[in-house]
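Accompanying notes for the structure given below.
The values are calculated or read from the model by the stated rules, or taken from the named source; none is laboratory data. Since the model is a prediction, treat every value here as computed from it, not as a measurement. In this analysis, Cβ positions are derived from the backbone assuming ideal geometry, glycine residues included, and neighbour counts consider all displayed protein chains.
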Number of protein chains: 4
Amino acid sequence: MQIRVYYEDTDIGGVVYHSNYLNFCERARSQLFFDAGRSPILSGGHFVAKHIEADYLKSAKFGEVLEVKTTLLQIKNASFRLLQEIFRGDEKVFEMKIDLVYLDFGGNMSKIPPEEKAFLSSL
Amino acid sequence: MQIRVYYEDTDIGGVVYHSNYLNFCERARSQLFFDAGRSPILSGGHFVAKHIEADYLKSAKFGEVLEVKTTLLQIKNASFRLLQEIFRGDEKVFEMKIDLVYLDFGGNMSKIPPEEKAFLSSL
Amino acid sequence: MQIRVYYEDTDIGGVVYHSNYLNFCERARSQLFFDAGRSPILSGGHFVAKHIEADYLKSAKFGEVLEVKTTLLQIKNASFRLLQEIFRGDEKVFEMKIDLVYLDFGGNMSKIPPEEKAFLSSL
Amino acid sequence: MQIRVYYEDTDIGGVVYHSNYLNFCERARSQLFFDAGRSPILSGGHFVAKHIEADYLKSAKFGEVLEVKTTLLQIKNASFRLLQEIFRGDEKVFEMKIDLVYLDFGGNMSKIPPEEKAFLSSL
């Protein structure tokens, strides 16, 4: 998934504000669902971030086009772990590992529905 | 209501990103409710922006402390109009007039409940 | 320019947060420059918002794909006025008129360079 | 440092959008400088995030008042590590460890100036 850096993504330092890389990764996760004709919001619940380990390698700048690559590292009954890397051309500027858990709309951790588990496993 | 300008509010131009002044005004509107022990989200609906006229007078900068002043201009059965001005000391940096309408949770325009109408009229 | 609505664009009301429509329009303005192999940040200055009149017509929702259409209404020596409309399919959800002025990096209003004026006039 | 959760901080899930906890922590870091009559932007450079490990423990909601506590874990010549915890009353909702490095305005890692090192060490 390609993402252009606009004014709103930068700060006074002239580069992308640090938390916006997490937003870029979230867009890429949602887009995986949209590209498959699905929504990341299921009929019974949705996925929320539980743990993140992020490394800032380079600074992305206004106007640049970035690419987010998403890889499934592990999937369990109620959670999964992704590696998400952001590239500017061949150069990696950011990477994070994120654990997401499936919560029903009451906020309780719950088993990922089989169809979504199959979809996530195929990534 | 006082608002400090942080990194997230600025962009590569070194000043506050233009749409963030609207966010500052929204914080001030919600805070009017919170300060009165109320919530801007009512049991039957909430208020949404319908029309905005905004003037950018000066650029607010990182680290500055701004003050938002909110004045009721007009209230009708299902909507009201506010003047919101943002100051840096004595200097006005931004002002907008905003029309807000009351929508029930089905998204239909609806009469503002009497208690909230009285509260808004007292501003 | 097409824009997908992601989680970050929504709020607890379940629809796009009101100031994010301004961000979408800003992306579209910058993208006009990028598409022409240009940058909205010139060697001697850049464009900043001076006045906005915005109408919220419908609520855009998570996952929807919106289209921003930008039309030049007027151009003067140091400023120009655009109409920017956001559509969901055939339905207009938002429109605004925005006046932008050209500021040099000292923050002073300045004549738009001839090449950029020609570019803007061609929109 | 106390932070109120406003509309802009929430998403369609009805709780604070995951990357906004990082923004709250950044506000708290900058505020440490402001409270001491300083700025986080020094004459020769500034601090940027290098590595983050974040745990999402509870969901913060619209209207809640959160408190950010910041503790220095380690300081080296050109970097330091903080623990930042966000509480809602007695309940911890988020925590992260963040490594920040000092970059000069050319973008090169550089020694933290002695006065700022002393200030950071006093936290």
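In this structure, residue A:84 does not satisfy being in contact with a Lys or Arg (Cβ under 6 Å, 6 or more places away or on another chain), without any contact (Cβ under 8 Å) to a residue 60 or more places away in the chain and not acidic (Asp, Glu).
Quick check: anything in the range A:2-9 among the hydroxyl-bearing types (Ser, Thr, Tyr), assigned to a helix (DSSP H, G or I) and out of contact with any strand residue (DSSP E or B) (no Cβ under 6 Å at 6 or more places or on another chain)? Working first, answer last.
Filtering the range A:2-9 for residues among the hydroxyl-bearing types (Ser, Thr, Tyr) gives A:6-7.
So of that shortlist, the ones also assigned to a helix (DSSP H, G or I) come out as A:7.
From the residues that got through so far, the ones that are out of contact with any strand residue (DSSP E or B) (no Cβ under 6 Å at 6 or more places or on another chain) too are A:7.
Yes; the residues of the range A:2-9 include at least one that is among the hydroxyl-bearing types (Ser, Thr, Tyr), assigned to a helix (DSSP H, G or I) and out of contact with any strand residue (DSSP E or B) (no Cβ under 6 Å at 6 or more places or on another chain).
Summed over the range A:4-38, the residues that are over 15 Å from the mean Cα position of the chain (by Cα) and hydrophobic (A, V, I, L, M, F, W, C) give a count of 5. Inside the range D:2-25, residues that are more than 14 Å from chain A (Cβ to nearest Cβ) and modelled with pLDDT under 95 make up a count of 0.
Report those strands (runs of 3 or more DSSP E) wholly inside the range D:40-90 carrying at least 3 residues which are at negative phi, within 12 Å of chain A (Cβ to nearest Cβ) and not aliphatic (A, V, I, L, M). I'd like the intermediate steps shown before the answer.
Values: elements: D:45-56, D:65-75, D:79-88.
Hits in the range D:40-90: D:45-56.
Scan the range A:62-95 residue by residue and report those that are of a type in the set (Lys, Arg) and surrounded by fewer than 16 Cβ atoms within 10 Å (Cβ to Cβ).
Within the range A:62-95, the first condition is being of a type in the set (Lys, Arg), and the residues that meet it are A:69, A:76, A:81, A:88, A:92.
The answer is A:69, A:76, A:92.
Does any residue of the range B:26-35 turn out to be under 24 Å from residue C:47 (Cβ atoms) and either at pLDDT 95 or above or within 12 Å of chain C (Cβ to nearest Cβ) (or both)?
We begin by selecting, within the range B:26-35, every residue under 24 Å from residue C:47 (Cβ atoms); these are none.
For the range B:26-35, residues under 24 Å from residue C:47 (Cβ atoms) and either at pLDDT 95 or above or within 12 Å of chain C (Cβ to nearest Cβ) (or both): absent.
Considering each residue of the range A:10-39, count those that are within 20 Å of residue D:53 (Cα to Cα) and either out of contact with any helix residue (DSSP H, G or I) (no Cβ under 8 Å at 6 or more places or on another chain) or part of a helix (DSSP H, G or I) (or both), and give that number.
Initial filter on the range A:10-39 (within 20 Å of residue D:53 (Cα to Cα)): A:16-26, A:29.
Filter once more, so that each one left must be either out of contact with any helix residue (DSSP H, G or I) (no Cβ under 8 Å at 6 or more places or on another chain) or part of a helix (DSSP H, G or I) (or both): A:20-26, A:29.
Selection size over the range A:10-39: 8.
When the range D:1-51 is filtered for residues that are among the basic types (Lys, Arg) and under 18 Å from residue B:64 (Cβ atoms), the ones remaining, listed by number, are D:27, D:29, D:38. Could you tell me which residue of the range C:96-123 is farthest from residue B:14 (Cα to Cα), considering only residues that are surrounded by 13 or more Cβ atoms within 10 Å (Cβ to Cβ) and of a type in the set (Ser, Thr, Tyr)? Across the range C:96-123, the extreme among qualifying residues is C:110.
Of all the residues that make up the range B:39-50, how many are over 12 Å from the mean Cα position of the chain (by Cα) and surrounded by 15 or more Cβ atoms within 10 Å (Cβ to Cβ)?
Of the residues in the range B:39-50, the ones over 12 Å from the mean Cα position of the chain (by Cα) are B:39, B:41-46, B:50.
Next, only the ones that are surrounded by 15 or more Cβ atoms within 10 Å (Cβ to Cβ) stay: B:41-42, B:45-46, B:50.
The total comes to 5.
Looking across the range D:16-38, just one residue is touching a residue at least 40 places away in the same chain (Cβ under 8 Å), farther than 19 Å from residue B:10 by Cα and surrounded by 21 or more Cβ atoms within 10 Å (Cβ to Cβ), and that is D:16.
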